[in-house]
1. Convex hull over the Cα atoms of region 334-412, averaged projected area in nm²?
2. Tally Lys and Arg at +1 and Asp and Glu at -1 over the other residues with C-beta under 10 Å from the C-beta of Ala108: what net charge comes out?
3. Summing +1 for each Lys or Arg and -1 for each Asp or Glu, what net charge is found among the other residues whose Cβ lies under 15 Å from the Cβ of Gln356?
4. Can you give the accessible area per residue of region 1-82, in Å², using a 1.4 Å probe?
5. In whole Hz and in residue order, list the ³J(HN,Hα) couplings for region 203-212 that follow from phi through the Karplus curve 6.51 cos²θ - 1.76 cosθ + 1.60, θ = phi - 60°; x for Gly and Pro.
6. Using only the Cα atoms, what convex hull volume per residue in Å³ does region 249-314 have?
7. Could you compute the FRET efficiency for Asn31 and Trp434, with r as their C-beta to C-beta distance and R0 at 30 Å, rounded to 0.05?
8. In sequence order, what are the phi-derived ³J(HN,Hα) couplings for region 92-109 according to the Karplus relation 6.51 cos²θ - 1.76 cosθ + 1.60 with θ = phi - 60°, rounded to whole Hz, with x for glycine and proline?
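The values are calculated or read from the model by the stated rules, or taken from the named source; none is laboratory data. Since the structure is predicted, the reported quantities are computational estimates derived from the model, not experimental observations. Quick reminder, even Gly has a Cβ in these numbers, built from the backbone with ideal geometry, and neighbours come from all protein chains shown. Please note that ligands, DNA and RNA were not included when accessible areas were found on the heavy atoms of the full protein model with its side chains. Shrake-Rupley method; radii C 1.70, N 1.55, O 1.52, S 1.80 Å.
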Amino acid sequence: MPYPEPARTPEELQARLGREKVLLELAQRRNYSYDGIAMGATPALVVLPESTAEVVEVVRFARQRGLSVVPRGAASGLSGGAVPLEESIVVSFTRMTGLQIDPRARRAVAQPGVVTARIAEQARPYGLTYPPDPASFRTSTIGGNLAENAGGPLCFKWGVTGDYVEALEFVDFSGEVHRLERKAYDLVGLMVGSEGTLGLITGATLRLVPLPRHTRTLMAVFDEVGQAAEAVSAAIAAGAVPAKLEFMDRGCIRAVDSYLRLGLPREAAAVLLVDTDGDDPLVVEEELAWVAEACEGRGGRVRVARDAAESEALWRARRAISPAIAALKPKRLNEDIAVPRSSLPEVVRAIELLGQRYGLQVVQFGHIGDGNLHPNVLFDPRVDPEEKVWELLHEIARVALQHGGVLSGEHGIGLMKRDFMGEAVDPETLGALWAVKAAFDPQNRLNPGKVLPETNSQAR
C-alpha cells in the first residue's frame, strides 16, 4: 500500500499517530531504557503503535531522521536485547494485542504484544494449547518470545517457540512489510531468534496442538548436584520423554522456600521436577515409573504428587525462582548456556566450583532435559567488583563451550553475551552472520549493538 511522506519531526509524528502513542517527555522515555537485566541509554522517543501501518510510519520516520529502532515487548528479557544503546526510537508493542484462535485449523494469529499465557488460555476451551511456556509466560509477550526463540519447561517434549511458527509478518528498515510462510525457503526460521536485528515482527501464525488428557508430577531430591544431572540422562536413556524436566540447586531451593513457605527440602543439594503427560494414562504412569527408577538409581528420593493441587504447588516453586533469588542480593546476572545432556554432570559441578573459587554466590536452575541451564551470579555492586562478576560469567560461558555447548538456549545473545561470540563462533561464520545482517539492514539501524561483536576484541 502507498504511504505518505514520513513525518519530519517528533511532534509531527505525534500529531499523526496520537499524543498517547508517541512519548516525548524525558520522564516517560527513561522508563524504556532497560529490560529485565540491563540498563541502556534513554531513547530519543518512544512509540506505542497499534497496527502494522503505524510500525511502518515509525520506521520510515526513523530512516528519514537517521535514528536506530529498538523493538520492545514486556521488557522481561534477560540478555539486554531490548535496551537502546544510542540515539534511537524504542518501539513498544504492548498495544498490539490482537489474537484470533482458529480451532478448525488449529492455529492462532497473534500480534506481537499478546501476553504468551493468553494464547494457551484462549485455546483451552477448544481442547487445544500452545506449548512453549517460558517461566515468564504470564508477563512476556509473543513478540519477545519470537525474537529470542524462547523455550520453557514444556519444551523438552513439545519444542521451543520456533517449532510452532507457521508464518510471520515483519517490517524491514525500508518500511516494507513482508509476509513469510514456511515453505521451500525457511526465512521464518531465520527471523525467529534474530532479536530484532533483521526486522520488526508485527504478526505471527502459530500452530496449536491438542491438550494432553493426563499428567503426572514427581519431585526427586538429591544430596549431590551431579547426581540429579546423571538421573536426567538415565531417565531419557530408559525411554522416558517427560513433558517437563526441570532442575533447581540448593540455593534456588532455599530461596524459593523462604519466598513461598512451601516446605521444600532445604538441605537438599538439588531437586528435579518432572511431568509426564499423554492421552493414555498407562503410558503416562509407565514413563513416570521410568523417571522414578532412574532418580532412585542415582541416589534420589522420589515423591509423586497425589493430585493436581500438589502438582501445582510444586510447579509454583519452579515459577517463583526468579523473584525468589532476586531477593537474595541487590543484583544478579543470568546465564543461559545449553550443553549436551551427556555433559550435564560435569558442567553443573564445574559451575558450582567456579562460584566457590570466585567467592560469589551462584545458583543454578533450568530446563535440564534440554541441557539448558541458567546459572545466576548474585552480587552486591557495593562490595563485589563488576569486573570479577563478568570474569566469572565468561568462565561459565567457557565451561559450556568446552563441553560442546552454546552461549544461549533461549534468552538470546543480546548485549550481555555479545562479547563472547568471538570464542563461540569461528570468524567465517561471524562474517556470514554480518552478511545476513547487511542484506536485511544495510545501515545497521535495527537493534544495533546486539548479538554480533563490533570488533574482534573480546575484552569487556
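1. Working: hull surface 18.7 nm².
Average projection, Cα convex hull of region 334-412: 4.7 nm².
2. Values: positive: Arg106, Arg107, Arg118, Arg207; negative: Asp102, Glu166.
So the environment of Ala108 carries a net charge of +2.
3. Working: positive: Arg250, Arg349, Arg357, Lys388; negative: Glu224, Asp249, Glu352, Asp384, Glu391, Glu395.
Taking every other residue near Gln356 into account, the sum is -2.
4. Details: 3640 Å² over 82 residues.
Heavy-atom SASA per residue in region 1-82 reads 44 Å².
5. For region 203-212, the Karplus-derived couplings read x, 8, 9, 10, 7, 10, 10, x, 5, x Hz, x marking Gly and Pro.
6. Cα convex hull per residue, to the nearest whole number: 89 Å³.
7. Values: r = 32 Å, r/R0 = 1.08.
Taking R0 as 30 Å, the efficiency between Asn31 and Trp434 is 0.40.
8. In residue order, the calculated couplings are 9, 8, 5, 9, 8, 10, x, 8, 10, 9, 10, x, 5, 8, 6, 9, 10, 10 Hz.
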